[in-house]
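Chemist: Shown below is the structure under consideration.
The values are calculated or read from the model by the stated rules, or taken from the named source; none is laboratory data. This structure is a prediction, so every number in the text was calculated from the model and none was measured. Cβ: placed from backbone, ideal geometry, glycine included. Neighbour counts: every protein chain shown.
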Amino acid sequence: MTGYRTDEGSYEAIVFDLDGTLVDLAVDWEVVRRDVATVLGDRGVTVDGHDLWAMLELADETGHRAPVEAAIGEHERRGAHDSDRLTAADDLPLSVPVGVCSLNCEAACRIALDTHGLAEHVDALVGRDSVATEKPHPEPLLTVVTALSARPERTLFVGDSERDELTARRAATDFRYV
């Protein structure tokens, strides 16, 4: 039991991160990082010392977001088909509206939710490419909260990372680790 289920009645909505929380995408993130480095390198952008998410920011700065997003998304969509369902997913459905706020692309989120029979239990979804910003900026989480007709202070965000926790704090929602 992940802990949020016992007090779900005290929330208007519960929002989950996807990868590492509801499912485990079958993605080798080091391979993704190398592919993104190649995409940017082929466009004359130096990426020495940048991790994947720093390269995504660099892609924004240099006007190469679309090809970088395509490279990452391809891996994520493939990995969503081959993903594993995690135990937090076993608690769905809940008695309150449920959303997903993910740093993965929206298409991969939808594939993973469909693959594991979870889509029917999710009322709102925001992926990395659904809004103009991504976690830990609060906009993606607040977009889900609004779509669920909930208030941030009456919403619980369930995730698996410090980035998720920071996102929740910035959005003024409660947070729980899985």
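Chemist: Which one of 68, 98, 45 is closer than 25 Å to residue 175 by Cα and modelled with pLDDT of 95 or more?
Modeler: 98
Chemist: Name, by its number, the condition in (1) within 20 Å of residue 158 (Cβ to Cβ); (2) of a type outside the set (Val, Ile, Thr); (3) in contact (Cβ under 8 Å) with a residue 24 or more places away in the chain that does not hold for residue 90.
Modeler: (3)
Chemist: Still on this structure, please answer the following. Has segment 94-107 got any residue that is in contact with a helix residue (DSSP H, G or I) (Cβ under 8 Å, 6 or more places away or on another chain) and hydroxyl-bearing (Ser, Thr, Tyr)?
Modeler: yes
Chemist: OK, next. Among the listed residues 145, 131, identify the single one that is assigned to a loop (DSSP other than H, G, I, E, B) and at pLDDT 95 or above.
Modeler: Just one listed residue meets the conditions, 131.
Chemist: Sticking with this one: Assess whether residue 15 counts as being modelled with pLDDT of 95 or more and assigned by TED's automatic domain parsing to the domain that holds residue 156.
Modeler: On the way: modelled with pLDDT of 95 or more: yes; assigned by TED's automatic domain parsing to the domain that holds residue 156: yes.
Here the answer is yes, as residue 15 does meet what is asked.
Chemist: Would you check if residue 156 is farther than 18 Å from residue 24 by Cβ, of a type in the set (A, V, I, L, M) and outside the structural domain of residue 65 (by TED's automatic domain parsing)?
Modeler: yes
Chemist: Would you mention how many residues in segment 119-137 are surrounded by fewer than 21 Cβ atoms within 10 Å (Cβ to Cβ) and out of contact with any Ser or Thr (no Cβ under 6 Å at 6 or more places or on another chain)?
Modeler: Here the count works out to 10.
Chemist: Of all residues in segment 109-135, how many are under 11 Å from the mean Cα position of the chain (by Cα) and under 14 Å from residue 15 (Cβ atoms)?
Modeler: Here the count works out to 6.
Chemist: Same structure again: Can you name the condition, by its number, that residue 165 falls short on among (1) surrounded by fewer than 16 Cβ atoms within 10 Å (Cβ to Cβ); (2) without any contact (Cβ under 8 Å) to a residue 24 or more places away in the chain; (3) within 12 Å of residue 17 (Cα to Cα)?
Modeler: Only one criterion is unmet by residue 165, namely (1).
Chemist: When only residues in segment 19-42 that are hydrophobic (A, V, I, L, M, F, W, C) and without any contact (Cβ under 8 Å) to a residue 24 or more places away in the chain count, which is farthest from residue 121 (Cα to Cα)?
Modeler: If we filter segment 19-42 for residues that are hydrophobic (A, V, I, L, M, F, W, C), which is where we start, we get 22-23, 25-27, 29, 31-32, 36-37, 39-40.
With without any contact (Cβ under 8 Å) to a residue 24 or more places away in the chain added as a condition, the list becomes 29, 37.
Numbers: 29: 28, 37: 37 Å.
By that ranking, first place goes to 37.
Chemist: Just to verify a result, which residue in segment 94-112, among those that are out of contact with any Leu (no Cβ under 9 Å at 6 or more places or on another chain) and not in a helix (DSSP H, G or I), is surrounded by the most Cβ atoms within 10 Å (Cβ to Cβ)?
Modeler: Our first condition is that a residue be out of contact with any Leu (no Cβ under 9 Å at 6 or more places or on another chain); within segment 94-112, this holds for 94-95, 105, 107, 111.
With not in a helix (DSSP H, G or I) added as a condition, the list becomes 94-95, 105.
Working: 94: 16, 95: 10, 105: 22.
That would be 105.
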